[in-house]
Every structure is written in C-alpha cells, then in structure tokens.
Amino acid sequence: MIELSKVVRLAKKEKFYIGKSKFGQGLFARRNIALGETILKFTGDIIDFDKAILKAPRYEGDPLQIGKNLYVNLEPPGRFVNHSCDPNAGIKNDVDLVALRHIRAGEEIYFDYSTTMDEDYWVMQCGCGSVHCRRVIKDFKHLPSHVKRKYLELNVVQNFIAIQYETTATAK
Ligand SMILES: [Zn+2]
C-alpha cells in the first residue's frame, strides 16, 4: 500500500496538462490514464453559497459544491476541468477526479457538473456535442432517472447529494 501511494504521487505531475479546449481552457491527459485512476484532487478555500455567487454570478463552474452551503473555491488545475454530458471522469470522495474509463493521451478530461449541483441556482448552457447532451445543465435532481442511477452506481455523486437517495431507498 505504501509503495502504491508513492507511485501515485510520483506519477501525479505527468498525468495531465492545461490546454486549449473548445470551452476555453481545459484539462487534458498527458499520458494514458487507466479506468479508476485518480487524476487530481480538487483544492481551494472552503466558501459558503453567498461567496460562491460572488465568484460565479452566472455559473462558470469555478466553485465546486461539497455541501448544502459549502463550496470549494477551485484553484488551478482543478478549476479548468470542463463539463460533458458524456464524461470520461467523475468525482469520488467529493474532491477526487477519477477516470470512468480508459482515457488516451491527449484527450480532454471532463466530469458531469450536475453530479455536484444541488442549490436551485446555477444553470449552464451546454454544447458538449455528445448525443446525450442535455443542452441545459442543472441540479442533480433534474437528471433523467437512468442517468441519476448510473452516476449513483458509479459512486461519482457528491456525498451530500447521494445520501438523499440512499435514505429514500432504504426507508421504503
Ligand atoms: Zn452536453
């Protein structure tokens, strides 16, 4: 176990780079990334909803929601990860970006912003180009139920959101 974490730390530097995306800047794989591999850890100051609004008055994806009134004010490189409705990565443990499939060197890395959103506030237009594109990105609760189930099963929904679904599932 100790050796593995050392390897992960050493590999961290070369895993991604910031490059030009059709969405401005984006995060790209520097080398092939295996399914299940952690790509980066999102970091930044913890802020509340009122501060998050000031950072992104119209949703720009910078603050990452981790609780009902808690956000990580993302710093680079995490803030450059763009949204896709058909993502190749997802967030586990609220802050770990993990590959949901094999990602080839040079591919842009995305997660689905709806897996982190539950605030009845931000809405984002999407032109990700996926055949599954939802066009308007909103809170997790608005996702089609099969998409919700997929993300919950993959364990890539923020804990404060996922727990709402576990409770309803076990209470009935
Ligand atoms: Zn889309």
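The values are calculated or read from the model by the stated rules, or taken from the named source; none is laboratory data. Worth saying up front: this structure is predicted, and the values here are computed from it rather than measured. A quick note on method: Cβ atoms are made from the backbone with ideal geometry, for glycine too, and the neighbour counts reach across all protein chains shown.
In the range 109-126, the qualifying residues are those that are in contact (Cβ under 8 Å) with a residue 40 or more places away in the chain and either over 13 Å from the mean Cα position of the chain (by Cα) or loosely packed, with under 11 Cβ neighbours inside 10 Å (or both), and the one that is nearest to the ligand (Cβ to nearest atom) is CYS126. Here is the figure for the range 140-165: residues that are within 13 Å of the chain's Cα centre (by Cα) and either buried (at least 17 other Cβ atoms within 10 Å of the Cβ) or within 15 Å of the ligand (Cβ to nearest atom) (or both) total 5. Only one entry of ASP50, ASP86, ASP94, ASP62 meets the criterion of being modelled with pLDDT of 95 or more, acidic (Asp, Glu) and more than 16 Å from the ligand (Cβ to nearest atom), and that entry is ASP94.
Flag: LEU143 matches the condition of being modelled with pLDDT of 95 or more and closer than 22 Å to GLN164 by Cα. Scanning the range 26-38 for residues that are surrounded by 15 or more Cβ atoms within 10 Å (Cβ to Cβ), in contact with a helix residue (DSSP H, G or I) (Cβ under 9 Å, 6 or more places away or on another chain) and not hydroxyl-bearing (Ser, Thr, Tyr) gives GLY26, LEU27, GLU37.
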